[in-house]
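For reference, the structure discussed in these notes is given below.
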Amino acid sequence: MNPASPHSKRCLIGTLLAALFFASSSMMADIRPLIDAVPELTSKSVSTLNPSPTTEDDPKSKKPQARLFLTNGDTLSGLPKSINEDQNLLFQSDSLHQTADFPMANVLSMNFNSWKPTPANATIARVQLHPRFRENTGDTILGTLKELTPESIKLDTWYGGIITLKRSMVLSLNIISNTSGNYYGPNNINEWNLSDGLDSWLFNNGSLVSQSKGSIGRDMGLRKSAHVSFDASWKSTMRFKVQLYSSDTKSKTPSAYYEVNINRSYAYLRTRGKTKGRGVMGGGGRWKQINVRPKEHAHFDLFINRKIGSITLYINGVQACVLQSQSPDPENLGQGIAFIAEERYPLKIKNITVSPWNGTSLPQPKTTINQDAQPDNTQPLPPHKIILNNGDEVPGTVGKVLDDRMIIETQFTPIHIPINRIKSLSLGNKGEQPIKKGGDIRAWFHGGGHITLKLASFKNNQISGYGQAFGDVTLDLAAFSRIDFHIYDNKANELRNKLRWGGGGGGGGGGGGGGGGGGGGG
């Protein structure tokens, strides 16, 4: 055969290709173990601190899992195991053949996909601590009230056992009842009605998060006078609506409601419904200028008197304006609440609290804070003032709680008041502000609120740490939707905020709206 013939050339090329194929197969077999050993950490284009819509709907069906977010945008699924002597986080993942260790300086956040449900108690005590310097919202601790003394408040929690709080660091103590007209959440997406399809709002990390225009609402059993509070955060500018006494929370245009329009400078009240002798009407009053102008997130309180059509709006504890309906109390008002977002202005809502109100009492000016965190021992703390659901006030000193009744020492005789009749306790007008410390982390509860700890360790699916208001605690990780690290670092907070709003790369869940300036709440 002629070596130069076309046929011989084709044979030679075929032989070479076959040799290359077998050689490459052998090489791949040799390096496959090395490929398998490489950790899969670069899912930046698809990772997000917001989990999928179904992430938190059925926690019992999931194996406990965390998603770790690093400061360079890398992510990894698994569980935290411990912190070693070199202050590295030891993290175990099915994607790795051995436990990984990451310097704590490189850890941004951790998200969790399962949680321990809140027990269905008749009442829950909600304790809020004074905020840290330049923060809007303090830590929030929930549990069953066991004891209150001049020095401490004792709660029995389902995630950390008995927690004893230093009373001077407590800003407020509210009792949340499971009766109609009371609510604390959100707890899941299934308890809410969506007007524009299932994907218009999501429930992520204890927050309701808008994905497009539309409303999300719920029948709250609103009383004729009610107090509604919530934390909100936004991506660009403050612009949203709240419908109160909605007659149909499945619709963003129900037949009757009070509707509060809020933007960065003004608020406006619109009323719709049937009035006697006038048929269906809809209209509003003047735009009222808002005295408080938050940048990215804020805490809102609305005190509503349905009968006279008056709504007093507080933002971050400061009275922003008073809105008055021109046609109060339409006869077909309902008992629901709805939040309405616009397409161009994404919104997150969390820490929603609904309770009865007496129609007259409004918050007092903010308490005096001892910024050096030195307790004032020169004067005894004043006695408590117990505020009942009907607005009555009982002065006295609270002791132990027995058989769901609060024992109160009054000037004349001890009295026993059922806890479900109590709305809140006034603890005096002085307070002690927690100090920011290096190494503080912030753990966000699934149902809203957060707790700040100086991190000590991870062990057996628990986190241990120290807080100035409650000392050393060990808490079940299943109570939290996420944990943030480097919470006083501006760059870390900017990165978290950017990633949570889908600004590219991984980043963590949507629950931090009310966290305040230094806490990275987003």
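Let me know the charge dipole size of region 183-356 about its Cα centre in debye, to the nearest 20, where only the beta-carbon of Lys, Arg (+1) and Asp, Glu (-1) is charged.
Details: 24 positive and 13 negative charges, 113 e Å.
In debye, rounded to 20, region 183-356 gives about 540.
Given 0.36 nm per residue, what is the gain on full extension from ASN72 to GLU409 after removing their alpha carbon distance, in nm? Provide the component values of the computation, followed by the final result.
On the way: separation 337, 0.36 × 337 = 121.32 nm, distance 5.71 nm.
Answer, rounded to one decimal: 115.6 nm.
Based on the Cα coordinates of region 183-356, what is the per residue volume of their convex hull in Å³?
Values: hull volume 17.0 nm³, N = 174.
Hull volume over Cα atoms, normalised by residue count, gives 98 Å³.
Relative to the present Cα-Cα distance, how much length would full extension add between GLN87 and VAL318 at 0.36 nm per residue of separation? Don't jump to the answer; show the numbers that get you there.
Details: separation 231, 0.36 × 231 = 83.16 nm, distance 4.16 nm.
Additional length available on full extension: 79.0 nm.
Kindly put GLU331, GLU494, GLU296 in sequence by how many other C-beta atoms sit within 10 Å of each C-beta, fewest to most.
On the way: GLU331 9, GLU494 13, GLU296 16.
By the 10 Å Cβ count, ascending: GLU331, GLU494, GLU296.
Starting from 0.36 nm per residue, how many nanometres of slack lie between LYS437 and ASN188 once their C-alpha separation is accounted for?
Numbers: separation 249, 0.36 × 249 = 89.64 nm, distance 3.34 nm.
Result: 86.3 nm gained on full extension.
Rounded to the nearest 0.05, what FRET efficiency is calculated for GLN98 and GLU494 with R0 set to 41 Å and r the Cβ-Cβ distance?
The formula returns an efficiency of 0.75 here.
Measure out, as a whole number of angstrom, how far apart the alpha-carbon centroids of region 276-341 and region 249-265 sit.
Centre-to-centre distance over Cα atoms comes out at 9 Å.
Take each of the peptides 168-177, 336-345, average the number of other beta-carbon atoms within 10 Å over its residues, and list them starting from the highest.
Numbers: 168-177: 21.4, 336-345: 19.5.
Order by mean packing, descending: 168-177, 336-345.
Throughout, read-outs are computed from the coordinates displayed, never taken from laboratory work. All values reported here derive from a predicted model rather than from experimental measurement. We place every Cβ from the backbone using ideal geometry, glycine too, and count neighbours over all the protein chains shown.
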